[in-house]
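K.L.:
Quick one: the structure is below, and I'll ask about it shortly.
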Amino acid sequence: MSKRSMPESQPALAKSDAATRAVCSQCGAWVPATSAFTPEEAGRYLDERIRRQLGLYPIPEGLRLSVVIPVYNEKETVEEIIRRVRAVRIPKEIIVVDDGSTDGTAEMLAKMEGKEDLQILRHDRNRGKGAALRTGFGQVTGDIVIIQDADLEYDPLQYPLLIQPIVEGVADVVYGSRFLPVGPHRVLYYWHRVANRLLTTMSNMFTDLNLTDMETCYKVFRREVIETIAPTLRQEGFGIDPELTAKVARRRYRIYELGISYFGRTYGEGKKIGLRDALQVFWCILRYWRWD
């Protein structure tokens with residue numbers, strides 16, 4: 001196939017224009033570069049309701065995120081997820097906890113050490129996602145804490161939407177739901193979805209919440225919430241999800257939920273949660289209903 005040629009009528013651009021314009025991949029026309037579009041500029045074209053729905057709002061000066069990334073055998077994706085997190089235009093610290101990886105992840109992370117925005121912590125053996133999160137929570141210094149998986153199933157570009165209820169002062173905790181109708185979702189395992197729904201429903205029965213996705217990776221907290229709850233956390237594995245949920249519910253924090261995109265992967269691509277983890281989650285729902 002021959003390379004697409006420019007329309008003959010297309011005017012030449014000066015070098016100063018080329019810095020702020022791009023070429024449309026469909027017709028070859030010059031268009032404004034999207035990277036120059038800011039929330040302030042959006043205000044000239046969109047009303048406030050639309051801007052807020054798109055996550056286009058002013059980030060308070062001095063606001064800082066703490067992004068905690070538990071990692072176990074994610075050699076193929078860990079570098080890319082750190083790049084994507086860095087690309088989000090909100091000041092942040094990135095705390096990666098390598099939970100005893102044996103596939104070369106540790107060596108890859110070692111090459112990234114020394115960056116001012118990146119802190120890498122290590123477990124000498126694999127202890128579980130909950131243990132990795134507890135280690136990361138102990139180091140956070142930002143105003144808002146976000147949990148981010150390293151497997152590329154969740155898109156960091158959604159951070160502005162996820163933190164918006166906290167920034168606007170209406171929420172203490174935000175869950176990003178894979179089951180609310182917004183954004184693209186990869187079509188995968190029916191029974192996996194059924195299990196998620198059943199566990200979320202059971203959790204709701206004991207916490208008196210109406211969440212749609214208790215086990216989502218994207219849980220976002222005011223730092224004060226993490227500082228209060230982290231010393232009480234006990235779970236080493238995926239039981240950390242119902243434990244966190246029960247403890248924020250019991251303390252009556254303001255919890256919000258919003259839909260997110262979800263780019264799920266198969267077990268062949270590295271997905272790790274299984275039946276044993278589901279049974280652990282079930283047990284933790286019962287345990288943390290009454291006991292802290």
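K.L.:
Count the DSSP beta bridges whose two residues both fall in the range 65-290, then state the antiparallel fraction as a percent rounded to the nearest 5.
P.N.:
20
K.L.:
Follow-up question, since we're still on this one. Give me the extension gain from residue 125 to residue 287: residue separation times 0.36 nm, minus the current Cα-Cα distance, reported in nm with one decimal.
P.N.:
Full extension from residue 125 to residue 287 adds 55.7 nm.
K.L.:
What's the ranking of 146-155, 133-142 by average number of surrounding C-beta atoms within 10 Å, highest first?
P.N.:
Packing proxy ranking, top to bottom: 146-155, 133-142.
K.L.:
Please work out the Cα center distance from the range 188-229 to the range 133-175, rounded to the nearest Å.
P.N.:
About 15 Å separates the Cα centre of the range 188-229 from the one of the range 133-175.
K.L.:
Hey, another quick one. Name the shape class, rounded, prolate or oblate, that the alpha-carbon gyration tensor gives for the range 177-257, where a ≥ b ≥ c are the square roots of its eigenvalues, rounded holds for a/c under 1.5, and otherwise prolate holds if a/b is larger than b/c and oblate otherwise.
P.N.:
prolate
K.L.:
How big, in percent, is the set of alpha carbon pairs in the range 65-290 lying more than 31 Å apart?
P.N.:
So the portion of pairs separated by more than 31 Å is 14 percent.
K.L.:
Rounded, prolate or oblate: which one fits the range 110-201, using the alpha carbon gyration tensor with axes a ≥ b ≥ c (rounded when a/c is under 1.5, else prolate when a/b beats b/c, else oblate)?
P.N.:
Oblate.
K.L.:
Could you line up 172, 99 from fewest to most neighbouring Cβ atoms inside 10 Å?
P.N.:
Lowest count first: 172, 99.
K.L.:
Sticking with the crude label model, points 7 Å out along Cα→Cβ, report the distance from residue 276 to residue 206 in nm, one decimal please.
P.N.:
2.1
FYI, it's all coordinate maths here, none of it is from the lab. A quick note: this is a predicted structure, and the numbers were derived from the prediction, not measured. Note that we place each Cβ from the backbone using ideal geometry, even for glycine, and neighbour counts take in every protein chain shown.
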